[in-house]
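Inspection log for the structure reproduced underneath, given as structure tokens.
The values are calculated or read from the model by the stated rules, or taken from the named source; none is laboratory data. Not measured: the values here are computed from a predicted model. FYI the Cβ positions are ideal-geometry reconstructions off the backbone, even for glycines, and counts take in every protein chain you see. Areas reflect the complete protein model, heavy atoms only, side chains present, ligands, DNA and RNA absent. Shrake-Rupley method; radii C 1.70, N 1.55, O 1.52, S 1.80 Å.
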Amino acid sequence: ELVLKVRIQNPNLKENDFIEIELDRQELTYKELLRVSCCELGINPEHVQKIRKLPNTLLRKDKDVARLQDFQELELVLTACDRSFLFRAPALPEQGGYNKKASELTY
């Protein structure tokens, strides 16, 4: 197995930790790297614009992936609209904190 460190590229996050993924050395292809990375990070592969080997190298093809070594750091760069959606905080319901039924309970 080849062990790689991957994360989603987002300079706005205070903490943007890497996770480790394992790839079968017999299947070192760009498609397999994309599939496993997206599965582990919980994102749709269609939302990935590019894969960057840090600090500044773009991965484009199977030969690029075949040259990777254990524990190299990769970033998935998402399309602009998907990036904002992915990191948007969930909206809270528009109801107040007052619970009328609870206030009417008697003990």
### Message
Tally up the residues in the stretch 36-67 that are open to solvent by 40 Å² or more (accessible area, probe 1.4 Å) and within 13 Å of Leu4 (Cβ to Cβ), please.
### Response
7
### Query
Restricting the first residue to the stretch 7-25 and requiring it to be in contact (Cβ under 8 Å) with a residue 12 or more places away in the chain and within 15 Å of Leu41 (Cβ to Cβ), which pairs with a second residue that is of a type outside the set (Lys, Arg) and surrounded by fewer than 11 Cβ atoms within 10 Å (Cβ to Cβ) meet a Cβ separation below 6 Å and a spacing of at least six or different chains?
Glu22/Glu1
### Message
Which count do you get for residues in the stretch 1-27 that are within 23 Å of Lys63 (Cα to Cα) and either of a type in the set (Asp, Glu) or open to solvent by less than 30 Å² (accessible area, probe 1.4 Å) (or both)?
### Response
12
